[in-house]
1. Say R0 is 35 Å: what FRET efficiency, to the nearest 0.05, do Thr40 and Arg79 get from their beta-carbon distance?
2. Stretch Lys15-Trp29 to full length: gain in nm at 0.36 nm per residue minus the Cα-Cα span?
3. Multiplying the sequence separation of Leu71 and Asp8 by 0.36 nm and subtracting their Cα-Cα distance, what value in nm do you get?
4. Helix 2-23: angle to the longest alpha-carbon principal axis of the chain, degrees 0 to 90, nearest 10?
5. Give me the angle, in degrees from 0 to 90, between the Cα long axis of helix 53-91 and the longest principal axis of the Cα atoms of the chain, rounded to the nearest 10.
Amino acid sequence: MLRGAFVDALAKVDKQLELADKELRVAAWAQDPVSLDATTAFNERSVDSARSAVDSLRAYREQLSVAVSNLDKTAQQYREVDGDSRAGVNRNGDGG
């Protein structure tokens, strides 16, 4: 269930990043200095700088991806250990 929650969150973040790449950047409505300055400021805070909202979302996405990967590795290790334990029990005639 935990892995599913992280995978679901990852899919939602991916969708938001896809939308941001296509639709978040704005263009100046007028070519006056105020409109140009506002457009530049919005785009820098939203998509263009290393501290932009989209960059923060990408960092969050990476953390989710690492969490899913770690959960997958943990599950695989658990299956291997559980399989080894069951095999040992069966070899000793103590079960199964």
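Please treat every number below as a calculation from the coordinates, not as lab data. The shown structure was predicted, so the numbers you read here are calculated from the model rather than taken from an experiment. Positions of Cβ are backbone-derived with ideal geometry, glycine not excepted, and every protein chain shown enters the neighbour counts.
1. On the way: r = 53 Å, r/R0 = 1.51.
About 0.10, to the nearest 0.05.
2. Numbers: separation 14, 0.36 × 14 = 5.04 nm, distance 2.71 nm.
Taking 0.36 nm per residue and subtracting the Cα distance, the gain is 2.3 nm.
3. Working: separation 63, 0.36 × 63 = 22.68 nm, distance 1.39 nm.
Full extension from Leu71 to Asp8 adds 21.3 nm.
4. It is inclined by approximately 20 degrees.
5. That helix lies at roughly 0 degrees to the long axis.
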